[in-house]
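To start, the structure under review is shown below, and the notes come after it.
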Amino acid sequence: MPPSPRRRLLARVLIAIVIAIVTVIFVLMAAQFKWAGNAGHQLTTLVPQGTFSSAINTLVDPVFFVAGVVGVLVIGAIGFITWKFRERPDDDGEFPVQLHGKTSFEIGWTALPALILAAVGVFTVMTLIDLNKPEPQAMQVEVSGQQWWWAYHYDLNHDGNYKGDADITTATELVIPVGKVVELSVTSNDVIHSFWIPALNGKRDAVPGQHHPWKIQADHAGVFRGQCTEFCGLSHANMRMIVRALPQDEFDLWVANQLRTAVEPAAGSEAAAGKAVFLGQLCSSCHLINGVNNEKVADPKTGVAGQLQSGVAPDLTHLMSRGTFIGSIQNLYAPDDPNDPSLPGDPNNVSLPGNPRAALVGGPIDEALVNRPALESWLRNPPGVKPASAVPNKAGLLRGMPNLGLTEVQIDQLIAYLTTLK
Ligand code: CUA
């Protein structure tokens with residue numbers, strides 16, 4: 001029996017309501033990402049905050065619009081045809097007339113998409129050429145992916161060498177001056193990683209033995225988060241990074257502080273005992289503290305010892321000038337709070353929660369704000385915090401920091417020492 005007109009009307013109304021609800025949900029989601037700022041969405045590409053990410057976004061908007069219109073037309077046509085030509089009880093069983101081979105249609109639906117894609121292609125290639133244009137006069141930084149953190153080597157004196165005495169090395173957090181283009185040379189020390197700060201630019205693969213040029217620029221001071229986007233082993237998900245854009249005067253102070261050698265702890269202090277633990281344990285075989293164990297850290301490529309280079313572990317010389325550690329998965333100052341609204345929302349918030357801005361540039365550290373629980377649990381059992389590779393590589397090296405079996409006294413002494421490294 002065919003459905004009554006009332007039931008048919010009801011079905012149509014229901015379908016219309018479902019379509020309306022789905023449309024509203026999609027529009028609200030788009031609005032949330034696109035127009036509500038990036039609060040709570042630290043890794044969105046849709047809220048560009050620099051020249052290069054804006055160039056990419058300028059491509060995304062029209063392509064999204066065209067794809068949206070085409071999508072609505074295609075899905076709408078499929079829905080309409082499915083509805084109109086559905087099987088009915090009084091069908092005579094005859095097959096509808098087929099359109100296969102209709103030349104005008106074939107040409108039409110081949111040419112139109114080809115034209116749309118060609119137009120998109122022209123603008124995409126233009127943008128790509130622009131993004132890859134070298135900026136030799138810009139500050140040069142080598143970005144090196146490691147299992148599982150990022151090392152940054154600044155060629156401050158512009159002599160083509162990232163690791164000279166006049167250059168600086170840091171880890172996890174890339175500090176740049178606001179508004180300036182910074183040219184990156186992205187590489188890897190072990191496996192393939194991918195460097196991605198979505199608010200500032202797209203992704204660039206970090207491949208061992210290759211140096212891929214890339215650029216970033218931030219329109220305003222702030223903290224821009226990133227994440228390794230190429231699966232690179234157990235702690236791939238724990239391989240995060242931060243770009244911290246500082247006003248030029250603060251950036252200059254940051255540089256001046258980074259160029260200093262480590263602060264020497266007072267004789268007989270707990271920090272001095274911690275320094276002895278650092279030198280006596282395996283710590284000093286991988287981590288460099290400039291002015292402390294330069295002679296122990298060799299350049300893996302040249303075998304030359306004593307260079308400002310952090311080998312297979314982060315340089316700790318100015319540890320406390322950073323806001324995060326352990327591949328940026330934990331805060332060095334206030335405890336981690338994923339819901340802290342001060343993180344990405346405030347465009348001028350250069351500091352992480354609790355991290356006094358002064359600490360960035362070598363100023364005094366408020367001991368009360370130091371995230372001791374995170375430092376302690378990390379030193380107590382690193383693989384428990386950030387899973388490390390259980391299988392040694394060809395060189396017999398484990399990836400990631402091993403459990404050194406430190407005593408609680410040694411851990412306290414080490415923290416006393418580490419927190420002097422500003
Ligand atoms: Cu490095 Cu994923």
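The values are calculated or read from the model by the stated rules, or taken from the named source; none is laboratory data. No experiment lies behind these values; they were computed from the predicted model shown. Methodologically, a virtual Cβ is constructed for each residue, glycine included, from the backbone with ideal geometry; neighbour enumeration extends over all protein chains shown.
Does Q137 meet the test of being within 22 Å of W196 (Cβ to Cβ) and not β-branched (V, I, T)?
Values: within 22 Å of W196 (Cβ to Cβ): no; not β-branched (V, I, T): yes.
For Q137, the condition - within 22 Å of W196 (Cβ to Cβ) and not β-branched (V, I, T) - is not met.
Take G145 and tell me if it is within 22 Å of the chain's Cα centre (by Cα) and over 19 Å from A218 (Cα atoms).
Yes, satisfied.
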Over segment 190-215, the set of residues under 21 Å from E135 (Cα atoms), away from the ligand (no atom under 14 Å from the Cβ) and either surrounded by fewer than 16 Cβ atoms within 10 Å (Cβ to Cβ) or over 12 Å from the mean Cα position of the chain (by Cα) (or both) is Q210, H211, H212, P213, W214, K215
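Residue under question is T261, and the condition is that it be within 16 Å of the ligand (Cβ to nearest atom), surrounded by fewer than 22 Cβ atoms within 10 Å (Cβ to Cβ) and outside any strand (DSSP E or B); does it hold? Full working, then the answer.
On the way: within 16 Å of the ligand (Cβ to nearest atom): no; surrounded by fewer than 22 Cβ atoms within 10 Å (Cβ to Cβ): yes; outside any strand (DSSP E or B): yes.
Against the criterion (within 16 Å of the ligand (Cβ to nearest atom), surrounded by fewer than 22 Cβ atoms within 10 Å (Cβ to Cβ) and outside any strand (DSSP E or B)), T261 does not qualify.
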Which numbered condition L46 fails, given (1) part of a helix (DSSP H, G or I); (2) modelled with pLDDT of 80 or more: (1)
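Quick check, is L59 free of Cβ contacts under 8 Å to residues at least 40 places away in the same chain, of a type in the set (A, V, I, L, M, F, W, C), over 30 Å from V255 (Cβ atoms) and not assigned by TED's automatic domain parsing to the domain that holds K180? Let's see the steps before the verdict.
Numbers: free of Cβ contacts under 8 Å to residues at least 40 places away in the same chain: no; of a type in the set (A, V, I, L, M, F, W, C): yes; over 30 Å from V255 (Cβ atoms): yes; not assigned by TED's automatic domain parsing to the domain that holds K180: yes.
Spelling it out, it is not the case that L59 is free of Cβ contacts under 8 Å to residues at least 40 places away in the same chain, of a type in the set (A, V, I, L, M, F, W, C), over 30 Å from V255 (Cβ atoms) and not assigned by TED's automatic domain parsing to the domain that holds K180.
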Can you confirm whether E250 is within 16 Å of the ligand (Cβ to nearest atom) and either outside the structural domain of R399 (by TED's automatic domain parsing) or buried (at least 24 other Cβ atoms within 10 Å of the Cβ) (or both)? no
Here are the criteria: (1) at pLDDT below 90; (2) more than 16 Å from the ligand (Cβ to nearest atom); (3) among the polar types (S, T, N, Q); (4) surrounded by 11 or more Cβ atoms within 10 Å (Cβ to Cβ). Tell me which single one Q140 does not satisfy. (1)
What pairs come out if I take residues in segment 199-214 that are over 14 Å from Q146 (Cα atoms) and in contact (Cβ under 8 Å) with a residue 12 or more places away in the chain and pair them with residues that are in a loop (DSSP other than H, G, I, E, B) and within 15 Å of the ligand (Cβ to nearest atom) whose C-beta lies under 8 Å away, six or more apart or interchain? K203/T229
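Name the residues in segment 321-335 that are surrounded by 15 or more Cβ atoms within 10 Å (Cβ to Cβ) and either part of a loop (DSSP other than H, G, I, E, B) or modelled with pLDDT under 80 (or both), would you? Outline the logic, then answer.
First, the residues of segment 321-335 that are surrounded by 15 or more Cβ atoms within 10 Å (Cβ to Cβ): 321-334.
R322, G323, I326, G327, S328, I329, L332, Y333, A334, listed by residue number.
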Residue list for segment 216-243, filter: in a loop (DSSP other than H, G, I, E, B), more than 16 Å from the ligand (Cβ to nearest atom) and either of a type in the set (A, V, I, L, M) or surrounded by fewer than 17 Cβ atoms within 10 Å (Cβ to Cβ) (or both): A218, H220, A221
With criteria (1) within 19 Å of the chain's Cα centre (by Cα); (2) at pLDDT 85 or above; (3) hydroxyl-bearing (S, T, Y), S351 comes up short on (2)
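Can you pull out every residue in segment 293-320 that is aliphatic (A, V, I, L, M) and at pLDDT below 85?
Of the residues in segment 293-320, the ones aliphatic (A, V, I, L, M) are 297-298, 304-305, 308, 312-313, 316, 319-320.
Once the filter is applied, which keeps residues that are aliphatic (A, V, I, L, M) and at pLDDT below 85, segment 293-320 yields V297, A298, V304, A305, L308, V312.
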Here the residues within segment 93-111 that are surrounded by 11 or more Cβ atoms within 10 Å (Cβ to Cβ) and either modelled with pLDDT of 90 or more or touching a strand residue (DSSP E or B) at 6+ places or on another chain (Cβ under 9 Å) (or both) are G108
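Before we move on, is L117 surrounded by 10 or more Cβ atoms within 10 Å (Cβ to Cβ), free of Cβ contacts under 8 Å to residues at least 24 places away in the same chain, outside the structural domain of A237 (by TED's automatic domain parsing) and more than 16 Å from the ligand (Cβ to nearest atom)?
Working: surrounded by 10 or more Cβ atoms within 10 Å (Cβ to Cβ): yes; free of Cβ contacts under 8 Å to residues at least 24 places away in the same chain: yes; outside the structural domain of A237 (by TED's automatic domain parsing): yes; more than 16 Å from the ligand (Cβ to nearest atom): yes.
Taking the combined requirement at face value, the residue satisfies it.
Those residues that are of a type in the set (D, E, K, R) and touching a helix residue (DSSP H, G or I) at 6+ places or on another chain (Cβ under 9 Å), I need them from segment 91-141; list them, please.
Keep residues of segment 91-141 that are of a type in the set (D, E, K, R), which gives 91-92, 94, 102, 106, 130, 133, 135.
Of everything in segment 91-141, just one residue is of a type in the set (D, E, K, R) and touching a helix residue (DSSP H, G or I) at 6+ places or on another chain (Cβ under 9 Å), namely D130.
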